[in-house]
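Notes follow the structure.
FYI, it's all coordinate maths here, none of it is from the lab. All figures in this text were calculated on a predicted structure; none of them were measured in a lab. With ideal geometry, Cβ positions are generated from the backbone for all residues, glycine too; neighbour counts draw on all protein chains shown.
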Amino acid sequence: MGKISFATLQKKYPGMYVLMDKPDGKIVAASGDLKKAFKEAGEKGYELPAVQFVPSKGLKIYEVSLRKN
């Protein structure tokens, strides 16, 4: 399965958190409630999925990487 375009995500999951098995990977859960999405992913065996918030169409996205020094 190839990478899903961001435009496709905006059409299908506007205003939702999308959890994937790996960055740009297979979608394992999606919800407007992050806690609910993590619970669903955990029930499917994905304890630490990659998370992306998909805003409504027309909004700009900024990606931030956090790491512990």
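Karplus-derived 3J(HN,Hα) values for the range 22-28, using 6.51 cos²θ - 1.76 cosθ + 1.60 with θ = phi - 60°, are 7, x, 6, x, 6, 6, 10 Hz; glycine and proline are entered as x.
Please list the non-local residues whose amide H lies under 5 Å from the amide H of Val28, H modeled 1.01 Å from N, same-chain partners needing a gap of 5 or more. For Val28, the qualifying residues are Leu19, Met20, Asp21. Between Lys36 and Asp24, the contour length at 0.36 nm per residue exceeds the alpha carbon distance by 2.3 nm.
Counting neighbouring beta carbons within 10 Å and listing from fewest to most, the residues Leu19, Leu48, Leu34, Leu9 come out as Leu48, Leu34, Leu9, Leu19.
Note on the range 6-54: Cα Rg divided by 2.2 N^0.38 Å, N the number of residues, gives 1.01. For a straight C-alpha distance cut-off of 14 angstrom, no aspartates and glutamates are reachable from Lys57 once same-chain residues fewer than eight places away are disregarded.
Across the range 16-21, rounded Karplus estimates of 3J(HN,Hα) from the backbone phi angles (6.51 cos²θ - 1.76 cosθ + 1.60, θ = phi - 60°) give 10, 8, 10, 9, 10, 5 Hz, Gly and Pro being marked x.
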